[in-house]
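The values are calculated or read from the model by the stated rules, or taken from the named source; none is laboratory data. All figures in this text were calculated on a predicted structure; none of them were measured in a lab. Note that we place each Cβ from the backbone using ideal geometry, even for glycine, and neighbour counts take in every protein chain shown.
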Amino acid sequence: MKKLGILTLVSALALVLGGCSKKVHQSAVVKKAVDAYIYAYPLVTFDMVRRHETNTEVPTGSGAPMGQLIKMRKYPAVDDHAAAAPNTDTLYTLAWLDVSEEPMVVGVPDMGDRYYMLPLMDGYSEMIDVIGAGVEGEDQKEYLVVSKGWKGEVPAGMMKIESPTAMIWMCGRIYCTGTPEDYAAAHKLQDQVKLYPLSAYGKPYTPPKGVVDPSLDMKAAVKEQLGELSTSDYFSYFAKLLVKNPPHEADTGMLEKLAEIGIVPGEKFDLSAYSDLDQKLLSEVPKLAKLEMGLHLKKQPTSNGWLYFTEGVGNFGTDYITRGMASFLGPGWNRPHDAIYPLSFNDADGKKYDGAKNNYVLRFEKGELPPVKKVGFWSLTLYDKKMFFVPNSMDRYTLSQRDELIENADGSIEIYIQAESPGKEKEANWLPAPEGQFDLVLRLYGPSQKSPSILDGSWTPPAANKVKK
């Protein structure tokens, strides 16, 4: 069956709800609203995540007040569903900043040869800059993060990073092997990361207590809560955020669309300004927008069953549909040359992975493990269909280059992805799967810039081949 476009769907919906006399007008209005919804999706998502992670008086392992560090001290537990697609490679060191009132100082210790990255993203999930191993400016230790147009003096020795929005997410990761000794070493480095307002520079500083919003639902996932917002509530939320987080200079065309459908910074979106039929159509905008993002995902080319982007993400520019789709999958995408995460939903035959029906083998030929820089590393993680860890007898959710993987006689390495053990002699290479559907994520932190490289296509992830039980 041929897939229908959004305009076709809207036109059909208009006919069902109220005839065709204003079909063209209604289709255009709803299409603009769908575009606006997708454009706003990263900003609304970021702010909802921010509210949850900062809804605490003092820092904890999973949250901290605005402008203070969240130091996750261990890998997420198997039943921790706070954030989708967790990893067992790094300890997150995060912070939410608001630089509308004054700049913030970020200080980074000497990490030695340990991999780390501290990406700073603006409210629209666009990468502003990346502090970390293997990136430009890695020897710099102090940074001043400022709002666009800030005219103050930068203290000597600091590098200025300017953000186009007041909201900034610093989504830091510090490599950790997970042993007690390495946890302690990583914690020591986390504790040396500094974050404070410029007004406290050179002075003793005690961060203030955060303000807790008791009405905020801290149990339901952010994505679920966002999905429950009506069109009116969603656009009103977006309009409120626009006051401190204006669109980028390149977004002139989108600004015109926002104005045409009644989205004004700081003002509540008035759905009642539309006719009854238009209101009914506009109420379907969240569903239509998610459908549009889902269709865009399905259109993306894959390599051996793996979906990944070697350009155009992290810094999306005016590619709003890809940016929205990325946030829909999970907020906070890296630039490919910093870290790249191929996703696989299907096996070599294009069928959904299913541990109840099949076993799978992912084979890396001799010398063809994922190519990363000397300071980088790779890992392969299995998730359930909601992108969370799967409980298993080995308490193993990831295999990576730190594991002592067994080589075949010809030097190749095979990873066994299945529900039951492949046998004691092969368990070192076993990635336990559920008795049901699952997905795979291959992470390359610090991918090689030289051939062979995933970035130029001279290396591609191998397909996971189905093996009968």
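Taken as a whole, the structure places residue 415 among residues that are in a strand (DSSP E or B), surrounded by 18 or more Cβ atoms within 10 Å (Cβ to Cβ) and touching a residue at least 40 places away in the same chain (Cβ under 8 Å). Answer yes or no: is there a residue in the stretch 262-272 that is touching a residue at least 60 places away in the same chain (Cβ under 8 Å) and basic (Lys, Arg). Looking for residues that are touching a residue at least 60 places away in the same chain (Cβ under 8 Å) and basic (Lys, Arg), one finds none in the stretch 262-272, hence no. Out of contact with any helix residue (DSSP H, G or I) (no Cβ under 7 Å at 6 or more places or on another chain), more than 30 Å from residue 403 (Cα to Cα) and assigned to a loop (DSSP other than H, G, I, E, B): does that describe residue 157? Yes. Criterion first (in contact (Cβ under 8 Å) with a residue 40 or more places away in the chain, under 27 Å from the mean Cα position of the chain (by Cα) and crowded, with 19+ Cβ neighbours inside 10 Å) does residue 391 satisfy it? In short, no.
The set of residues from the stretch 107-125 being part of a strand (DSSP E or B) and either touching a Leu at 6+ places or on another chain (Cβ under 6 Å) or within 20 Å of residue 46 (Cα to Cα) (or both) comprises 117, 118, 119, 120, 121, 122.
Restricting the first member to the stretch 42-65 and to residues that are touching a residue at least 40 places away in the same chain (Cβ under 8 Å), and the second to residues that are surrounded by fewer than 19 Cβ atoms within 10 Å (Cβ to Cβ) and among the β-branched types (Val, Ile, Thr), the beta-carbon pairs closer than 8 Å and six or more apart or on different chains are 55/212; 56/212; 57/211; 57/212; 64/58; 65/58; 65/211.
Here residue 337 fits the description: touching a residue at least 40 places away in the same chain (Cβ under 8 Å) and within 27 Å of residue 250 (Cβ to Cβ). Every condition in (1) among the hydrophobic types (A, V, I, L, M, F, W, C); (2) at pLDDT 95 or above; (3) outside any strand (DSSP E or B); (4) closer than 20 Å to residue 314 by Cβ is met by residue 135 except one, and the failing one is (2).
Hey, any hits in the stretch 289-307 for a residue that's over 30 Å from residue 444 (Cα atoms) and modelled with pLDDT of 95 or more? Yes, the stretch 289-307 contains at least one residue that is over 30 Å from residue 444 (Cα atoms) and modelled with pLDDT of 95 or more. Inside the stretch 375-401, residues that are in a loop (DSSP other than H, G, I, E, B) and under 24 Å from residue 79 (Cα atoms) make up a count of 14.
Results for (1) touching a helix residue (DSSP H, G or I) at 6+ places or on another chain (Cβ under 6 Å); (2) over 26 Å from residue 160 (Cα atoms); (3) outside the structural domain of residue 80 (by TED's automatic domain parsing), shown as yes or no for each residue.
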{"site": "176", "(1), (2), (3)": "yes, yes, no"}
{"site": "180", "(1), (2), (3)": "no, yes, no"}
{"site": "185", "(1), (2), (3)": "no, yes, no"}
{"site": "190", "(1), (2), (3)": "no, no, no"}
{"site": "193", "(1), (2), (3)": "no, no, no"}
{"site": "196", "(1), (2), (3)": "no, no, no"}
{"site": "207", "(1), (2), (3)": "no, no, yes"}
{"site": "212", "(1), (2), (3)": "no, yes, yes"}
{"site": "215", "(1), (2), (3)": "no, yes, yes"}
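None of 330, 324, 317 is crowded, with 17+ Cβ neighbours inside 10 Å and either closer than 15 Å to residue 33 by Cα or not assigned by TED's automatic domain parsing to the domain that holds residue 233 (or both) except 324.
Residues of the stretch 169-200 that are closer than 25 Å to residue 123 by Cβ and assigned to a loop (DSSP other than H, G, I, E, B): 193 alone. What residue, of 409, 433, is surrounded by 14 or more Cβ atoms within 10 Å (Cβ to Cβ) and small (Gly, Ala, Ser)? Criteria check complete, one pass: 433.
For residue 359, are the conditions met, namely being polar (S, T, N, Q), crowded, with 16+ Cβ neighbours inside 10 Å and not in a strand (DSSP E or B)? The answer is no for residue 359.
For the condition under 22 Å from residue 162 (Cα atoms), surrounded by 13 or more Cβ atoms within 10 Å (Cβ to Cβ) and not assigned by TED's automatic domain parsing to the domain that holds residue 148, residue 251 qualifies. Counting only residues that are acidic (Asp, Glu) and under 25 Å from residue 371 (Cα atoms), how many does the stretch 430-444 have? Here the count works out to 1.
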